[in-house]
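Notes follow once the structure below has been shown.
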Amino acid sequence: MNNIIVKNGLLGSSIVSAMLVIMTMYMKANPEKEVSMMIGFAVMLLAFFFVVAGIKQEREANNGVISFGKAFLTGFWITFIISTIYVLVWLIILYNFFPNFMEHYANMAIEKASPDEVAKVTEEMNTYKEMYKNPVMVILLTYMEILPLGIVFSLVSALILKKRQIN
């Protein structure tokens, strides 16, 4: 793994990790207020701009040429670093600072549900509570928050930034 990938992965992960810490602290301090998931996804997209930066840097390091495959792999590895650090930070927060997160989240979701949806939402939240008892499921669910978005971002970036060598 080269320095371009590691550097951009760490920079992107610092953004999503800071957002995760700030949003979690806010949720814990203000349990009655809902935190918008849109803010979280917007910050994730901001962090994924380091995918673009990394692909561009890799292209410049190769005399302005990069294949789609090389561009995608560069973006994927940056995304993987960002996502993995995001998961690790969440695990630290969850198990050390906010162990009742799922209970808190479930209560918010149930309170927000319309009277017709309460039973369905309660059942869904009970399923998530059971999943959250297993650390492997916590890891998988957390990866599913961020990794698919990063992979799509890497694909689109690779398509846009690929550049063939002119003979």
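Would a scan of segment 133-146 turn up a residue that is of a type in the set (A, V, I, L, M, F, W, C), free of Cβ contacts under 8 Å to residues at least 24 places away in the same chain and touching a helix residue (DSSP H, G or I) at 6+ places or on another chain (Cβ under 6 Å)?
Going residue by residue through segment 133-146, those that are of a type in the set (A, V, I, L, M, F, W, C) are 136-141, 144, 146.
Those still in the list that are free of Cβ contacts under 8 Å to residues at least 24 places away in the same chain too: 136-137, 140-141, 144.
Next, from what is left, pick out any that are touching a helix residue (DSSP H, G or I) at 6+ places or on another chain (Cβ under 6 Å): 137.
Looking through segment 133-146, at least one residue is of a type in the set (A, V, I, L, M, F, W, C), free of Cβ contacts under 8 Å to residues at least 24 places away in the same chain and touching a helix residue (DSSP H, G or I) at 6+ places or on another chain (Cβ under 6 Å).
Kindly list the number of the only condition in (1) charged (D, E, K, R); (2) in contact (Cβ under 8 Å) with a residue 12 or more places away in the chain; (3) exposed (fewer than 12 other Cβ atoms within 10 Å of the Cβ) that fails for D116.
Single failed check for D116: (2).
Name the single residue that is surrounded by the fewest Cβ atoms within 10 Å (Cβ to Cβ) among those in segment 1-38 being β-branched (V, I, T) and within 12 Å of the chain's Cα centre (by Cα). Show your work before the answer.
If we filter segment 1-38 for residues that are β-branched (V, I, T), which is where we start, we get 4-6, 15-16, 21-22, 24, 35.
Subsequent filtering for residues that are within 12 Å of the chain's Cα centre (by Cα) retains 15-16.
On the way: I15: 18, V16: 25.
Step by step, filter segment 1-38, then rank; the result is I15.
So which residues in segment 19-60 are closer than 16 Å to A158 by Cβ and among the hydrophobic types (A, V, I, L, M, F, W, C)? Lay out the reasoning, then the answer.
Taking segment 19-60 first, the residues closer than 16 Å to A158 by Cβ are 48-60.
Selection gives F48, F49, F50, V51, V52, A53, I55.
May I ask you to say which residue of I66, I5 is more than 19 Å from M144 (Cα to Cα) and in contact with a Gly (Cβ under 7 Å, 6 or more places away or on another chain)? Outline the logic, then answer.
Working: I66 fails: in contact with a Gly (Cβ under 7 Å, 6 or more places away or on another chain).
Going through I66, I5 in turn, just one is more than 19 Å from M144 (Cα to Cα) and in contact with a Gly (Cβ under 7 Å, 6 or more places away or on another chain): I5.
Any read-out appearing in this document is the output of simple, stated calculations on the displayed coordinates, not a laboratory observation. Remember, it's a predicted structure, so these values are computed and weren't measured experimentally. Counting neighbours? That spans all protein chains shown, and the Cβs are built from the backbone with ideal geometry, glycine included.
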